[in-house]
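J.: After the C-alpha cells below, expect a handful of questions from me.
The values are calculated or read from the model by the stated rules, or taken from the named source; none is laboratory data. Just so it is clear, the model here is predicted, and its values are computed rather than measured. With ideal geometry, Cβ positions are generated from the backbone for all residues, glycine too; neighbour counts draw on all protein chains shown.
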Amino acid sequence: MRSFIIASVLVATLATLANGQFHAECQVYWEVNEACDSVQSKIIDQMNAWDNDDCGTQPGDSEPNGQKCKYKFTGSDGNVVTGTHTTPIKLYVDELTFTFYPRDVGGCAIDGYSLSTPESILDYGTNFCNLYNLMDGSGVTADPGFTETTNDYICTQYSERNCDIY
C-alpha cells in the first residue's frame, strides 16, 4: 500500500510538471503607516519611472547588474495595481499584483504577489525582488511603521534573495 501511495504522488508530480504548472512565485505582506492611496500612487509612479531599458547590463553579461528597469504598469482597478517586470538577461516577463487594504488602526496593509512566466521552479529570489525593489525605490520601506512578512514557503527562494542583483 505504501508503495502505491508513493507511486501515485510521483505520477501526480510528474503530470503537473508535464503540464507546466510549476511557477516560481512570491507573496509578501507589508504594513505601513502611510495611507493606501498614497502608497498605491508611489508604486505606480515607480513602475513608470523604471519603464526603461537602462539596467546597467551589457551585451554578453551572464548575470544582471541590477533590475531596477523594464517594469510596466498594466492597470489599476480600485485597490489593485498590476504590472510586469521583464528580466534583463533572459527577458522573462513576470506578472506583478499589489493589493492595498486600509487598516483599522490607520495606515495600509499591502499584499504583493509576483509570478514567474514561463514556468520555472527556482528563481534565486527574483520574484521577491520584483516586488521589494518597487517598495524600496518608491520610498515606502522608509515608512516608520514598515513591516514585512514572507518566507520560503510562500516566496520561492526568499532566503537566497539578492535585490542588488535581482
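J.: Of all residues in segment 153-166, which are surrounded by 14 or more Cβ atoms within 10 Å (Cβ to Cβ) and either among the acidic types (Asp, Glu) or within 13 Å of Ala109 (Cα to Cα) (or both)?
T.: Glu160
J.: Given the condition touching a residue at least 60 places away in the same chain (Cβ under 8 Å) and more than 17 Å from Trp50 (Cβ to Cβ), answer yes or no: does some residue in segment 91-100 qualify? If you could, list the steps in order and put the result at the bottom.
T.: Filtering segment 91-100 for residues touching a residue at least 60 places away in the same chain (Cβ under 8 Å) gives 100.
Then drop every residue that is not more than 17 Å from Trp50 (Cβ to Cβ), which leaves 100.
The answer is yes; a qualifying residue exists.
J.: Please state which of the following conditions Thr74 fails to meet, knowing it meets all the rest: (1) touching a Cys at 6+ places or on another chain (Cβ under 6 Å); (2) without any contact (Cβ under 8 Å) to a residue 12 or more places away in the chain.
T.: Every condition holds for Thr74 apart from (1).
J.: Also, quick follow-up: In segment 120-140, which residue that is of a type in the set (Val, Ile, Thr) and at pLDDT below 95 is farthest from Val28 (Cα to Cα)?
T.: The initial filter retains those residues of segment 120-140 that are of a type in the set (Val, Ile, Thr), namely 121, 126, 140.
Narrowing further to those that are at pLDDT below 95: 121, 126.
Working: Ile121: 18, Thr126: 13 Å.
For segment 120-140, the residue satisfying everything is Ile121.
J.: Sticking with this one: What pairs can you find where one residue is in segment 141-162 and modelled with pLDDT under 95, the other is small (Gly, Ala, Ser), and their Cβ atoms are less than 7 Å apart, with a gap of 6+ or different chains?
T.: Correct list of pairs: Asp152/Ser159; Thr156/Ala24; Gln157/Gly125; Tyr158/Gly125; Glu160/Gly125; Arg161/Gly125; Asn162/Gly125.
J.: Can you tell me which residues in segment 151-165 are part of a loop (DSSP other than H, G, I, E, B) and either among the charged types (D, E, K, R) or more than 9 Å from Phe128 (Cα to Cα) (or both)? Working first, answer last.
T.: Going residue by residue through segment 151-165, those that are part of a loop (DSSP other than H, G, I, E, B) are 151-154, 156-157, 161-165.
Asn151, Asp152, Tyr153, Ile154, Arg161, Asn162, Asp164, Ile165, listed by residue number.
J.: Counting just the residues of segment 100-142 that are within 10 Å of the chain's Cα centre (by Cα) and of a type in the set (S, T, N, Q), which one comes out farthest from Ser38 (Cα to Cα)? Give the derivation first.
T.: Just the residues of segment 100-142 that are within 10 Å of the chain's Cα centre (by Cα), to begin with: 112-116, 125-134.
Among the residues that remain, those that are also of a type in the set (S, T, N, Q) are: 114, 116, 126-127, 130, 133.
Working: Ser114: 21, Ser116: 27, Thr126: 26, Asn127: 24, Asn130: 20, Asn133: 17 Å.
Checked segment 100-142; the qualifying residue farthest from Ser38 (Cα to Cα) is Ser116.
J.: Something else: If you take the residues of segment 91-101 that are in contact with a strand residue (DSSP E or B) (Cβ under 6 Å, 6 or more places away or on another chain) and not polar (S, T, N, Q), which of them is farthest from Gly66 (Cα to Cα)? Before you say what the answer is, go through the steps one by one.
T.: Of all residues in segment 91-101, those in contact with a strand residue (DSSP E or B) (Cβ under 6 Å, 6 or more places away or on another chain) come to 93-101.
Narrowing the set further to residues that are not polar (S, T, N, Q) leaves 93-96, 98, 100-101.
On the way: Val93: 16, Asp94: 16, Glu95: 18, Leu96: 18, Phe98: 22, Phe100: 27, Tyr101: 30 Å.
Only one residue fits best here, namely Tyr101.
J.: Turning to a different aspect of this structure: Any chance you could count how many residues in segment 102-119 are farther than 15 Å from Gln27 by Cα and either of a type in the set (Val, Ile, Thr) or touching a residue at least 24 places away in the same chain (Cβ under 8 Å) (or both)?
T.: Looking only at segment 102-119, we keep the residues that are farther than 15 Å from Gln27 by Cα, and these are 102-108, 117-119.
If we keep only those that are either of a type in the set (Val, Ile, Thr) or touching a residue at least 24 places away in the same chain (Cβ under 8 Å) (or both) too, we end up with 102-103, 105-108, 117-119.
Qualifying residue count, segment 102-119: 9.
J.: Next question, about the same structure. What are the residues in segment 123-166 that are hydroxyl-bearing (Ser, Thr, Tyr) and in contact with a Leu (Cβ under 7 Å, 6 or more places away or on another chain), if any? Before you say what the answer is, go through the steps one by one.
T.: Filtering segment 123-166 for residues hydroxyl-bearing (Ser, Thr, Tyr) gives 124, 126, 132, 138, 141, 147, 149-150, 153, 156, 158-159, 166.
Answer for segment 123-166, where residues must be hydroxyl-bearing (Ser, Thr, Tyr) and in contact with a Leu (Cβ under 7 Å, 6 or more places away or on another chain): just Thr156.
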